[in-house]
Amino acid sequence: MQKELMEMLQARKEEMVQIRRYLHEHPELSFKEEKTAQYIADFYNGKDVDIQRNVGNGYGIIVTIKGGKPGKTIALRADFDALPIVEETDVPFKSKNEGVMHACGHDAHTAYLLVLADCLIQLKDKLPGTIKIIHQHAEEAPPGGAKSIVESGVLDDVDNIYGIHIFPTHPAGFVGYHSGYSLAGRSFFKLVIQGVGGHGSSPHMANDAIVAAAHFVTAIQTVISRRLNPFDHGVITIGSFDGKGTFNVIKDSVELEGDVRYMTVENQQLISEEVHRIVKGIEVEFDVQCDLSYTADYPPLYNDPTVTADVVAALESANDPDIKEVGEYPMLSGSEDFAYYLEKIPGCFFFIGCKPKGVENAYFNHHPKFDIDEDCLLVAAKSVGQVVCSYYGLK
């Protein structure tokens, strides 16, 4: 079956490309992917599978492929939402939805998985188990789609789960992996500091919120430099400081927004506690009132070491000309809501190179000029297909 599956995928490479280009032309934002979800559902019309729509808190789709023999259940996931970005690429299939772009590769994820799923459906009588295909909505916008799909219970019978992400750090043909904690968790906070406004010439008759807020921006960095274990990783970024006023008026209130990244659940809790502690100190030190809203978005992504080792073994033994290199990938400070699946189900989330040919420094994901080498679609399909075959011992 392994050889047959690889030949089927090879023969349908151009179909993957065409699906990807159609999706690229018609991107939809998180939680608004109605037409994309319909396109995916239509793809499965008439096929011998069970389809569940509107799973979770949006347009999630679960396609269940029941094998001809009983056995374990695995899940394969691809996301299908886009980003609020004005596309700046020069391709004939540029986004037709102004201000929305598939700048992260979710169009490619969906394209490869649709074709791989269809091939597995055609071969399902040879499968000793069940495969659940997860077409997930809203990966880009918290609370995301993964958490709600897990909470729906549709994956309670899944033994292992797999997913991929394309990155332009390596050329097509490269497959990267990282065992253990692999992508950062993410939290978001908003802080409003309320002081007392006044005339710029009389600071003693006011209570300057900008001074308090500036002190907070400086103090918050000590959480990373003085509270975090120096062998751990963490980032706190103040992305918004809204204190606009005029030159001779003391500002009465300031609003800040911050982004927090961490590589372990323990540091998620530690950083949260420290931020709250510093805010209490600001209130006392500057005699201001602080309103802090702190939300943990996505947890750190943890690849099960045993499952990851099995994935690496399957890929290294594939002997496939399209899978040219299998290499260890560094930890990444980006976040992925695939982490919610891995909190409940042992699995592996690995990486597929997609750097455009002839490009030395490719634009990274989320850039308005993000582009890919579409050869990565076949690499993704074959890589995940090899993992499936290895998992079930199919030759």
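The values are calculated or read from the model by the stated rules, or taken from the named source; none is laboratory data. Keep in mind that what you see is a predicted model, and the values were worked out from it rather than measured. Positions of Cβ are backbone-derived with ideal geometry, glycine not excepted, and every protein chain shown enters the neighbour counts. Accessible surface areas use protein heavy atoms only, side chains included; no ligands, DNA or RNA. Shrake-Rupley method; radii C 1.70, N 1.55, O 1.52, S 1.80 Å.
Below, the figures for the structure above:
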{"quantity": "Unmet criterion (only one of (1) under 20 Å from the mean Cα position of the chain (by Cα); (2) among the hydrophobic types (A, V, I, L, M, F, W, C); (3) within 16 Å of Asn207 (Cα to Cα)) for Phe286", "calculated": "(1)"}
{"quantity": "Residue in the range 222-244 that is among the acidic types (Asp, Glu), touching a residue at least 40 places away in the same chain (Cβ under 8 Å) and not in a helix (DSSP H, G or I) present", "calculated": "no"}
{"quantity": "Qualifying residue in the range 253-261 (condition: more than 30 Å from Pro368 (Cβ to Cβ) and free of Cβ contacts under 8 Å to residues at least 60 places away in the same chain)", "calculated": "no"}
{"quantity": "Scan of the range 95-125 for residues that are part of a loop (DSSP other than H, G, I, E, B), of a type in the set (A, V, I, L, M, F, W, C) and either under 28 Å from Met8 (Cβ atoms) or open to solvent by 20 Å² or more (accessible area, probe 1.4 Å) (or both), ordered by number", "calculated": "Cys104, Leu123"}
{"quantity": "Pairs where the first residue, in the range 1-25, is open to solvent by 50 Å² or more (accessible area, probe 1.4 Å) and the second is polar (S, T, N, Q), C-beta under 9 Å, 6+ apart", "calculated": "Gln2/Gln386; Gln2/Ser390"}
{"quantity": "Failed item, numbered, when Glu328 is tested on (1) within 17 Å of Ile238 (Cα to Cα); (2) charged (D, E, K, R); (3) open to solvent by 70 Å² or more (accessible area, probe 1.4 Å)", "calculated": "(1)"}
{"quantity": "Selection status of Asp320, acidic (Asp, Glu) and modelled with pLDDT under 95", "calculated": "no"}
{"quantity": "Leu191 being open to solvent by less than 10 Å² (accessible area, probe 1.4 Å) and more than 30 Å from Glu328 (Cβ to Cβ)", "calculated": "yes"}
{"quantity": "Residue satisfying all of: in the range 48-94; assigned to a strand (DSSP E or B) and open to solvent by 30 Å² or more (accessible area, probe 1.4 Å); farthest from Gly385 (Cα to Cα) among these", "calculated": "Asn54"}
{"quantity": "Leading residue by the ranking (surrounded by the most Cβ atoms within 10 Å (Cβ to Cβ)) among those in the range 206-221 that are without any contact (Cβ under 8 Å) to a residue 24 or more places away in the chain and over 27 Å from the mean Cα position of the chain (by Cα)", "calculated": "Ala214"}
{"quantity": "Index of the failed condition, Ile131 passing every other in (1) assigned to a helix (DSSP H, G or I); (2) in contact with a Ser or Thr (Cβ under 9 Å, 6 or more places away or on another chain); (3) hydrophobic (A, V, I, L, M, F, W, C)", "calculated": "(1)"}
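One line per residue, one yes/no per condition, for (1) open to solvent by 10 Å² or more (accessible area, probe 1.4 Å); (2) without any contact (Cβ under 8 Å) to a residue 60 or more places away in the chain; (3) assigned to a loop (DSSP other than H, G, I, E, B); (4) aliphatic (A, V, I, L, M):
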site	(1), (2), (3), (4)
Thr308	no, no, no, no
Ala313	yes, no, no, yes
Asp320	yes, no, yes, no
His366	yes, no, yes, no
Leu377	no, no, no, yes
Gln386	no, no, no, no
